[in-house]
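Novice: Shown below is the structure under consideration.
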Amino acid sequence: MFQPVKAGFGEYMGAFYAQLSVTTMPMREFCTRGLAKSIAFVPGRMIDSVEEMLGLWQRNDNDNAPTQPRKLPVVLVAVDKDYTPTARDFTRQVVDAQWLTIPSDTKERAFKIRTIAGDIRAQVVVIAADDPTAKSIAAQFDLFIDSPSNRAFNAAYEFAGQVMDWPVMLETSDTPASNIKVEAKNLSILALDLNLHTTIPLFDAPKDGEVSDGKGAAGDAGDPSGYPVVIQTNRTAMDVEP
């Protein structure tokens, strides 16, 4: 259920890459190399294994050509395996199921929803062969997240054939780029740590054997029936005592 957050963060990083300004010679090649060969996700938080992650990246061959080291600079992104509930002074979870109808659902089905409010840590690591390039990319990333329009991105969740965007907010735009010391002398590595406030929807529909409105497709989990609702009441008579 957290995969949409990672996918949304990938699109967010793509938007950052698209607006980079070239300030050094290595950045000229980096900005024309293409997103897929310039920014990549790696497993887990990588501050303790950045050289290993870089090695895996450099050995990865996406050009169907003889394997050769990847060019620098590169930006590697990691999403932590940890999960922390979002502080209640920031938001609250919907712990008791609430009734929901999805505006785009032409079948007008009634479902139930709860929401999880959780924090996910992410790390953006800039690796370059020279200090000016690493600093430029890191500084431009800080500039990007400082824009009010970039303080959040959407994670797309699908339920009952409907795709809905749920916001993911960055906790702060004041993110220092910390130098990471490695054995290699010709690398400049800067790490930026982010905290993502997520809202995860949990949708509920009638289970097999439960009474439903019958508007879904039998046996299709992607097209469930909704809960039955009262659509009309009739009053035929009323006795009133004087």
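Novice: Restricting to the range 3-24, name every residue that is open to solvent by 60 Å² or more (accessible area, probe 1.4 Å) and in contact (Cβ under 8 Å) with a residue 24 or more places away in the chain.
Specialist: Result: Lys6, Glu11, Gln19, Ser21, Thr23.
Novice: Hey, can you tell me all the residues within the range 136-162 that are touching a strand residue (DSSP E or B) at 6+ places or on another chain (Cβ under 7 Å), open to solvent by 30 Å² or more (accessible area, probe 1.4 Å) and either under 30 Å from Lys71 (Cβ atoms) or without any contact (Cβ under 8 Å) to a residue 24 or more places away in the chain (or both)?
Specialist: Once the filter is applied, which keeps residues that are touching a strand residue (DSSP E or B) at 6+ places or on another chain (Cβ under 7 Å), open to solvent by 30 Å² or more (accessible area, probe 1.4 Å) and either under 30 Å from Lys71 (Cβ atoms) or without any contact (Cβ under 8 Å) to a residue 24 or more places away in the chain (or both), the range 136-162 yields Arg151, Ala152.
Novice: Looking only at the range 108-123, decide whether some residue is buried (at least 18 other Cβ atoms within 10 Å of the Cβ) and either in contact with a helix residue (DSSP H, G or I) (Cβ under 8 Å, 6 or more places away or on another chain) or without any contact (Cβ under 8 Å) to a residue 60 or more places away in the chain (or both).
Specialist: yes
Novice: While we're looking at this one, here's another question. On the given criteria, is Ala218 closer than 30 Å to Leu72 by Cβ, of a type in the set (Gly, Ala, Ser) and either at pLDDT below 90 or part of a loop (DSSP other than H, G, I, E, B) (or both)?
Specialist: no
Novice: Filter the range 167-200 down to the residues that are over 17 Å from Ile145 (Cα atoms), among the hydrophobic types (A, V, I, L, M, F, W, C) and open to solvent by 20 Å² or more (accessible area, probe 1.4 Å) and list them by number.
Specialist: Ile180, Val182, Ala184, Leu187
Novice: Could you list, in sequence order, the residues of the range 176-205 that are modelled with pLDDT of 90 or more, farther than 27 Å from Arg109 by Cβ and in a loop (DSSP other than H, G, I, E, B)?
Specialist: Matches in the range 176-205: Pro176, Ala177.
Novice: Somewhere in the range 127-142, is a residue part of a helix (DSSP H, G or I), under 25 Å from the mean Cα position of the chain (by Cα), more than 15 Å from Thr24 (Cα to Cα) and at pLDDT 95 or above?
Specialist: Yes - at least one qualifying residue is present in the range 127-142.
Novice: Which of the following residues is out of contact with any strand residue (DSSP E or B) (no Cβ under 7 Å at 6 or more places or on another chain) and modelled with pLDDT of 90 or more: Arg121, Arg109, Arg114?
Specialist: Criteria check complete, one pass: Arg109.
Novice: Where in the range 1-106 are there helices (runs of 4 or more DSSP H), lying fully within it, with 3 or more residues that are modelled with pLDDT under 80 and either hydrophobic (A, V, I, L, M, F, W, C) or touching a helix residue (DSSP H, G or I) at 6+ places or on another chain (Cβ under 9 Å) (or both)?
Specialist: The helices (runs of 4 or more DSSP H) meeting that bar are 50-59.
The values are calculated or read from the model by the stated rules, or taken from the named source; none is laboratory data. Being a predicted model, the structure only gives us computed values, none of them experimental. FYI the Cβ positions are ideal-geometry reconstructions off the backbone, even for glycines, and counts take in every protein chain you see. Ligands, DNA and RNA are excluded from the accessible area calculation, which covers all protein heavy atoms including side chains. Shrake-Rupley method; radii C 1.70, N 1.55, O 1.52, S 1.80 Å.
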